[in-house]
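The next block holds one structure in the form of structure tokens; read it before the comments.
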């Protein structure tokens, strides 16, 4: 990331800040979020340029101007504080720390040792070219700095034609040829796909109770759910020795989503309904921050500890908000279902907005069963 790009981004962010939020810490956090490993001196220079850019391009009152002037004097203390929070893990980052020059030199020496242990002509040519390469110009962005030899690297381009073909042999062998039968299927799919008139869920659809399925149909659903659970429980990743290391995303994608698909398979709407899973960005818009009246609307969350009821109705309230925002629904027609599972306890919460737009919360089911997962998905279809 170039310093010019980061300067413009911080300047744009600074221009949109409320006056009371203008301080060094705010801009430093923004800079470290883009590049957690930037040095203090480099970020100070970028912030200074961004502040000057905003001062020259914007007319502002005395209070806002005074806050801008205080940013650089506050910088060092603010940077050390935020960087310390980053180091101890209070502020999280998913960006990998760049390799240092010492680590790069260590990796190149390890690579030299590996090549020296080889006896083929290819390895002999590679080590000669590697010894002639300018290691000081490598950065953490270069695969070679991490002991990875890329097919597009200068190292490979400098090989003789024979040895280059030898290096590329595995890639050539792994490229499959498309069987004519599969090609025909793909062509038929594209030519027959209905670009217009795809069935959609009717806007006037309302719940009359006719969607509740027979016991035979629910039994079929339960069999699908048991099949999904079998696949999940047989997966070694979910064995006791590994399960505590899994994050929420892994659990959602590999446990929750397959069970949802199994539960809603062959639902009463046929081709008019689709199952979609997604996650909203945490602070993508002012709507997501709440209006101070209805409560904040959080992302998907895992219930644990105290205040589970509060967390659950807030999440259900979030769904109610978005359903009514996208379309004016008939009062009492639409409900948000929230499921709370803790050990063997299952609690089904339903939020419904009535004729006077009063949002009511109901505890529809309170059950204790050994096979909680089966109850969850069956109750979803029954409601």
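Restricted to segment 34-49, and to residues that are part of a helix (DSSP H, G or I) and more than 19 Å from residue 77 (Cβ to Cβ), which residue is nearest to the chain's Cα centre (by Cα)? Top of the filtered list is 34. If the condition is being closer than 24 Å to residue 87 by Cα and not in a helix (DSSP H, G or I), then segment 1-21 contributes 1, 2. Restrict the check to segment 58-72 and report whether at least one residue is closer than 14 Å to residue 8 by Cα and either at pLDDT below 90 or not in a helix (DSSP H, G or I) (or both). Within segment 58-72, not a single residue is closer than 14 Å to residue 8 by Cα and either at pLDDT below 90 or not in a helix (DSSP H, G or I) (or both). When each of 117, 107 is tested for being outside the structural domain of residue 14 (by TED's automatic domain parsing), more than 20 Å from residue 14 (Cα to Cα) and surrounded by fewer than 14 Cβ atoms within 10 Å (Cβ to Cβ), the lone residue that passes is 117.
Looking at residue 45, is it at pLDDT 90 or above, more than 30 Å from residue 167 (Cα to Cα) and touching a helix residue (DSSP H, G or I) at 6+ places or on another chain (Cβ under 9 Å)? Yes, satisfied. Would you check if there is a residue in segment 206-218 being farther than 30 Å from residue 358 by Cβ, surrounded by fewer than 13 Cβ atoms within 10 Å (Cβ to Cβ) and at pLDDT below 75? No, because not a single residue in segment 206-218 is farther than 30 Å from residue 358 by Cβ, surrounded by fewer than 13 Cβ atoms within 10 Å (Cβ to Cβ) and at pLDDT below 75. Here residue 15 meets the list (1) touching a residue at least 40 places away in the same chain (Cβ under 8 Å); (2) loosely packed, with under 15 Cβ neighbours inside 10 Å; (3) under 26 Å from the mean Cα position of the chain (by Cα) almost entirely, failing just condition (3). In this structure, does residue 99 turn out to be within 30 Å of residue 48 (Cα to Cα), in contact (Cβ under 8 Å) with a residue 24 or more places away in the chain and surrounded by 14 or more Cβ atoms within 10 Å (Cβ to Cβ)? Judged against the criteria, residue 99 is a match. Within segment 104-119, the residues that satisfy the criterion of being in contact with a helix residue (DSSP H, G or I) (Cβ under 9 Å, 6 or more places away or on another chain) and without any contact (Cβ under 8 Å) to a residue 40 or more places away in the chain are 105, 108, 111, 112, 114, 115, 116, 117, 118.
In segment 234-263, what residues are over 24 Å from the mean Cα position of the chain (by Cα) and surrounded by 11 or more Cβ atoms within 10 Å (Cβ to Cβ)? 263, the sole residue that qualifies.
Here residue 90 meets the list (1) in a helix (DSSP H, G or I); (2) modelled with pLDDT under 90 almost entirely, failing just condition (1).
The values are calculated or read from the model by the stated rules, or taken from the named source; none is laboratory data. What you see is a predicted model, and the numbers here were worked out from it, not measured in a lab. When we count neighbours, we look across all protein chains shown, and the Cβ atoms used for this are built from the backbone with ideal geometry, even at glycine.
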